[in-house]
Amino acid sequence: MKIATFNINNVNKRLANLLAWLAAEQPDVVCLQELKAADTAFPIAAIEAAGYGAVWRGERTWNGVAILALGATPVLTRETLPGDSADTQARYVEAAVRGVLIASIYLPNGNPQPGPKFAYKLAWFERLIAHAGELLGAGVPVVLAGDYNVVPTEADIYPGHHEQANALLQPETRAAYQRLLDQGWTDALRSVQPNGPLWTFWGYLRHRWPNDKGMRLDHLLLSPDLAPRLRDAGVARSFRGEDGASDHAPTWIELDHGAEPARTRTRHRPSPG
């Protein structure tokens, strides 16, 4: 079972990139972030034509998250992160796919810091930690996937950087991510590749991509019952180099799940609803 997360950075603008990646890699489940599209503007027809069902929560201009499933429609379980009924930003969606509960997460950036945006980031993180603990308590297999806007350690950013003031690297941000892991979650990418560069994001400015000056912002966390099933994980770097690409690369894991492997399944358009 191949599960991927991909900050698409405008799903309509980069629809061709998304469809090319889906056709090439055929992941079983995809978590998208930064749709930058209202609910009614989500390109569901094109995604269904590619063989995927979807649930999503859009937001015009900013944010937006979705979950796609190959040959199936995800079963929506939650479309907001609990803990603040006044928060209307589209940053969390959760659904069941083939016996696994999947969350697509777009954690706030938090810049500039200090300030209200950084306070919102930390408050949102606290809500995520609380909800993640409840999911663990439910005893179901869970994957928390998405753009966390966190560089967990100095090993997760290019050497010699000058990003010390960036909200993504602040001690409070890193401590919150570590407290999430300390609940019992496994950071899948670092579990498979504990050492060395593992960038998932290269900014558009200052020649970050051609100079390979990246960061690891996109993470897939596994509940304790799923961690032993982890078979492989990686970053589809080549798609960052395509024309019109997002500044993030698709990031993926493979789980042994007891189901028929995705590569042998017959792809079909999901049934309506």
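Bear in mind that the values in this text are calculations on the coordinates, not laboratory data. Worth saying up front: this structure is predicted, and the values here are computed from it rather than measured. Glycine gets a Cβ as well: all are built from the backbone with ideal geometry, and neighbour counts include every protein chain shown.
Estimated from the Cβ-Cβ distance and a Förster radius of 30 angstrom, the FRET efficiency linking I129 and A38 is about 0.50. Close amide H pairs (under 5 Å, H built 1.01 Å from N) link I8 with Q33, residues at least 5 positions away or on another chain. Around the amide H of D232, modelled in the peptide plane, lie the amide H atoms of E254, all under 5 Å away and 5 or more residues distant in sequence or on another chain. Residues in region 88-100 carry Karplus couplings, in order, of 9, 5, 7, 10, 8, 9, 9, 7, 9, 9, 6, x, 10 Hz; the curve used is 6.51 cos²θ - 1.76 cosθ + 1.60 with θ = phi - 60°, and Gly or Pro positions show x. Note on V75 and D232: the model spin-label points, each 7 Å out from Cα along the C-beta direction, lie 3.0 nm apart. One quarter of the convex hull surface built on the alpha carbon atoms of region 169-215 amounts to 4.2 nm², the projected area averaged over directions.
With both labels modelled 7 Å from their Cα along Cα-to-Cβ, the T153 to R60 distance reads 4.5 nm.
Springs join every pair of Cα atoms under 10 Å in this Gaussian network model of the chain, and among P27, P197, P228 the largest mean-square fluctuation is at P228.
Adding -39500 (n - 2.57) for every DSSP H run of four residues or longer, then dividing by how many residues the chain holds, sets the calculated 222 nm ellipticity at -6500 deg cm²/dmol.
Here the chain is scanned for chymotrypsin sites (Phe, Trp or Tyr not before Pro) in DSSP loops (not H, G, I, E, B) that have at most 13 other Cβ atoms within 10 Å, and the longest stretch holding none of them is 63-203. Applying 0.36 nm per residue to the separation of V140 and A175 and subtracting their alpha-carbon distance, the gain on full extension is 10.0 nm. Dipole of region 127-218 (Lys/Arg Cβ +1, Asp/Glu Cβ -1, origin at the Cα centre): which of A138, P171, Y158 lies farthest to the positive side? Value: Y158. Simple point charges give the picture: +1 on the Cβ of Lys and Arg, -1 on the Cβ of Asp and Glu, and for the chain a dipole about the Cα centre of about 420 debye. Calculation over all alpha carbon pairs of the chain in 5 angstrom steps from 0 returns a P(r) of 1, 6, 13, 18, 21, 18, 13, 7, 2, 0, 0 percent. Counted by neighbouring Cβ atoms within 10 Å, the residues H131, H248 run from fewest to most as H131, H248. Computed from the C-beta positions of N211 and L15 and an R0 of 30 Å, the FRET efficiency is 0.60 to the nearest 0.05. Put a dot 7 Å past the Cα of D225, heading toward its Cβ, do the same for V192, and the two dots end up 2.3 nm apart.
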